[in-house]
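Visitor: Can you read through this structure? Questions will come right after.
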Amino acid sequence: MAIVGFGNLGRGLARVLIEKSEFLRRTQGLIPRVVAVVDEHGAAVDEDGLDLRRLLRVAERKGTVAAHPKGKRGKSALEIIEGTEADVVFELTPTNIKTGEPGLTHIKKAMQAEKHVITSNKGPLVVAFKELDSLARRCGVEFRYSASVGGGVPVIGLAKGLLAGNEIRAIRGVLNGTTNYILTRMSKENAPFDVVLHEAQELGIAEKDPTLDIEGIDTACKITILANSLLGVNARLRDVRVAGIRNVRPEAIRLAREAGYVIKLVGVAKRDLLEVGPKLVPLGHPLAVGGTLNAVTFELDLAREITITGFGAGPQETSSSLLGDLIDIHRVLGG
Amino acid sequence: MPGQLVKVLEPISSFGGNIQSVVHRRERKTPLGRVPVTIIFDVGERVRLNRILRAFRSMGVRIIRIGEREGAVRSTVLLVGHIVHTDIRDTIDRLNELGGVMVSDLSLAMGRVGQESAARMTIAADDERRTALALSKLEKISARKKLLVIKSVEGM
Ligand SMILES: NC(=O)c1ccc[n+]([C@@H]2O[C@H](COP(=O)([O-])OP(=O)(O)OC[C@H]3O[C@@H](n4cnc5c(N)ncnc54)[C@H](OP(=O)(O)O)[C@@H]3O)[C@@H](O)[C@H]2O)c1
């Protein structure tokens, strides 16, 4: 495999591959070999398999994988994708929801080079879901993106797997850990939005520029991906009606609580409605999860309602989804 | 199936009732294959209602629940913004203008001077259709008054 993007997730995946190598061999008969890793500065390549421990050390110390003995500064992701013998490409570069780049081009080139693709990057999925989905089919490769929605929570995998016999009527979800943390803290401390946002930034839960999270756009991206991948609609980000949480005041949270509700940023995907906004969730409702947790409820014709909850971000948690996709491809291909 | 339903509805009109809505809850079919139907109708007198109900029973229709209700469907909604400034009285009046809809409760939490406030409103409507109408009217009014509307996740 080749890993494109070696930040939080790329490194988290590398760590998990080291820790789990014996487990993967024993339980899945899978012996993953990483032949190339690339970041913005350059790449490290070894067709015999890179030593991931060493690679992690180098990347931590020097800030790029290009500083590895097998590394080369200036070697680009496209050269890696087209020029190495990897079967699977992990696309883990930053999300750009306007252009989808650089991930979009990486994914297309990988598919055209007949490589399976696993990504956590929402950008390409939001911008070109249908295009990528059909390109994968035409190229005869597997395309997986479990990590793009729900982090470690197997939202897409559950729906496409054991729930496949159901018609999904609606998907409702708390899909953004940052805003859920902020709303939970506001509720517990009766504190204003700005104060709690600042605290979340200091704890590293919110980014320096938290706009995408607090304006509800990150959740809208995930709703777009779920609508496309699970409801079979051809939805764009602009089809989602979005309201963020910036205007949710402590007074509103108090009034909600007095009536037995909490306020959560909830995304809804139905065939005829895509919406994100702060909503009243009854205390005790499965979506009333606290802290940075994510939760998704499927409304189904057979099973009625199923909710899953868990950690929506973090390198270790999210690598559960990345690894799940890898194992799934390994099985599909009869490995 | 539709033929059967039409037959079930017959006593209502033959005893002078006026059907307003029929909701066929096929998705709630019972294990024995019975399909719940919610019928809302007006009827002038109590005796006529009793006749209609008797006719239903004799046709083998099981009556699960009868509601002679006004304002039976309650929903809670929050508003955030310059609620007082944008005339909360007017917001409420315009909702009450809808038939079968009433704002039955209001709690206000004022922000500091010049700041936004929050309000919690209970809307009582005679049925779910009217609830939906009221909520969508409230959303339109709020969009114009630049208020944030926070609805319950359950009605979405
Ligand atoms: N972190 C999470 O918990 C999480 C969860 C779910 C999904 N995601 C998504 O997963 C993706 C990766 O997240 P992350 O947290 O790992 O991000 P990150 O820490 O910012 O890492 C991004 C990596 O991509 C590299 N990169 C940027 N442009 C590149 C290019 N043109 N070619 C090759 N490499 C390039 C960066 O290289 P340099 O370091 O050299 O700049 C960096 O190694 C994002 O799309 C994110 O939205 C993250």
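Visitor: Rounded to the nearest 100 Å², what is the buried accessible area between A and B, both sides summed, probe 1.4 Å?
Guide: 2000 Å²
Visitor: Another question about this same structure. In nm, what is the difference between 0.36 nm times the number of residues separating residue A:239 and residue A:198 and their Cα-Cα distance?
Guide: Here the segment from residue A:239 to residue A:198 would lengthen by 11.7 nm.
Visitor: Considering the alpha-carbon set of region B:73-150 alone, what are its Rg and its Dmax in angstrom?
Guide: For region B:73-150, the Cα-based Rg and Dmax read 11.9, 39 Å.
Visitor: Calculate the mean, over all residues of peptide B:104-111, of how many other protein chain Cβ atoms lie within 10 angstrom of the residue's Cβ.
Guide: Across B:104-111, the average partner-chain Cβ count within 10 Å equals 2.
Visitor: Show me the ranking of peptides B:16-28, A:23-35 by mean Cβ neighbours inside 10 Å, starting with the highest.
Guide: Most protected by this proxy first, the peptides run A:23-35, B:16-28.
Visitor: If you plug each phi of region A:125-142 into the Karplus form 6.51 cos²θ - 1.76 cosθ + 1.60 with θ = phi - 60°, what whole-Hz ³J(HN,Hα) values come out, in order, with x for Gly and Pro?
Guide: 6, 6, 7, 9, 4, 4, 4, 5, 4, 7, 4, 4, 4, 4, 7, x, 10, 8
Visitor: Filter the cross-link list A:75/A:115; A:122/A:208; A:270/B:145; A:72/A:98; A:264/B:29 down to pairs whose alpha-carbon distance in this structure exceeds 23 Å.
Guide: In this structure, A:270/B:145; A:72/A:98; A:264/B:29 exceed 23 Å between Cα atoms.
Visitor: About the Cα centre, and with charges only on the beta carbon of Lys, Arg (+1) and Asp, Glu (-1), how big is the dipole of the protein assembly as shown? Nearest 20 debye, please.
Guide: In debye, rounded to 20, the protein assembly as shown gives about 1140.
Visitor: Please compute, for peptide A:245-253, the average count of beta-carbon atoms on other protein chains lying within 10 Å of each residue's beta-carbon.
Guide: What the average comes to for A:245-253 is 6.
Visitor: Report the semi-axes of the equivalent ellipsoid for the protein assembly as shown in whole Å, largest first, where each axis is √(5λ) for an eigenvalue λ of the Cα gyration tensor.
Guide: 51, 29, 17
Visitor: A further question on this structure: Whole Å is fine, so just give me how far the alpha carbon centre of region B:81-156 lies from that of region A:224-272.
Guide: Cα centroid to Cα centroid, the span is 18 Å.
Visitor: Of A:273, A:225, A:329, whose Cα points farthest to the positive end of the dipole of the protein assembly as shown (charges on the beta-carbon: +1 Lys, Arg; -1 Asp, Glu; origin at the Cα centre)?
Guide: With unit charges placed on the Cβ atoms, the residue in question is A:273.
Visitor: Which of the residues in region A:258-282 show a loss of at least 20 Å² in accessible area from their chain by itself to the complete set of protein chains, at a probe of 1.4 Å?
Guide: A:259, A:261, A:278, A:279, A:280, A:282
Visitor: Separate question: With r defined as the distance between the Cβ atoms of residue A:79 and residue A:8 and R0 fixed at 35 Å, what FRET efficiency is calculated, to the nearest 0.05?
Guide: E(calc), rounded to 0.05, equals 0.90.
Visitor: Show the residues, 5+ positions off or on another chain, whose built amide H is closer than 5 Å to the amide H of residue A:89.
Guide: A:2, A:116, A:117, A:118
Visitor: Please turn the phi angles of region B:77-86 into ³J(HN,Hα) values with the Karplus equation 6.51 cos²θ - 1.76 cosθ + 1.60 (θ = phi - 60°), one per residue in order, whole Hz, x for glycine and proline.
Guide: Those phi angles translate into 8, 10, 10, 10, x, 7, 6, 6, 3, 8 Hz.
Visitor: Between 0 and 90 degrees, rounded to the nearest ten: what's the tilt of helix A:193-202 against the longest Cα principal axis of chain A?
Guide: 20 degrees
Visitor: What FRET efficiency comes out for the pair residue B:32/residue A:134, r = Cβ-Cβ distance, R0 = 41 Å, nearest 0.05?
Guide: 0.35
Visitor: From the phi of every residue in region B:10-19, what ³J(HN,Hα) in whole Hz does the Karplus formula 6.51 cos²θ - 1.76 cosθ + 1.60 yield, where θ is phi - 60° and glycine or proline is x?
Guide: 3J(HN,Hα) across region B:10-19, in whole Hz: 3, x, 4, 6, 5, 9, x, x, 10, 6.
Visitor: While we're on this one: Shielding by partners for B:117-123, please: the mean number of other protein chain Cβ atoms within 10 Å of each residue's Cβ.
Guide: 4
Visitor: Highest GNM mean-square fluctuation, chain B, Cα pairs closer than 10 Å: which of B:119, B:55, B:132?
Guide: Residue with maximal mean-square fluctuation among B:119, B:55, B:132: B:55.
Visitor: To continue, here is another question. Of the trypsin sites (Lys or Arg not before Pro) in region A:268-335, which ones lie in a loop per DSSP and count no more than 11 other C-beta atoms within 10 Å?
Guide: A:304
Visitor: May I pose another question? Would you mind calculating the relative contact order of region A:163-311 from Cα pairs under 8 angstrom and at least 6 residues apart, reporting the percent as a whole number?
Guide: 35 percent
Visitor: Identify, among B:13, B:24, B:91, the residue whose Cα sits farthest towards the positive end of the charge dipole of region B:8-156, taking +1 on the Cβ of Lys and Arg and -1 on the Cβ of Asp and Glu, with the dipole about the Cα centre.
Guide: In region B:8-156, that residue is B:24.
Visitor: Turning to a different aspect of this structure: Report the Cα centroid-to-centroid distance between region A:282-310 and region A:150-210 in angstrom, as an integer.
Guide: Here the answer is 12 Å between Cα centres.
Visitor: Have a look at B:123, B:38, A:110 and report the one farthest towards the positive end of the charge dipole of the protein assembly as shown, computed about the Cα centre with Cβ charges (Lys/Arg +1, Asp/Glu -1).
Guide: B:38
The values are calculated or read from the model by the stated rules, or taken from the named source; none is laboratory data. Keep in mind that what you see is a predicted model, and the values were worked out from it rather than measured. We place every Cβ from the backbone using ideal geometry, glycine too, and count neighbours over all the protein chains shown. Heads up: the accessible areas ignore ligands, DNA and RNA and are worked out on the full protein's heavy atoms, side chains in. Shrake-Rupley method; radii C 1.70, N 1.55, O 1.52, S 1.80 Å.
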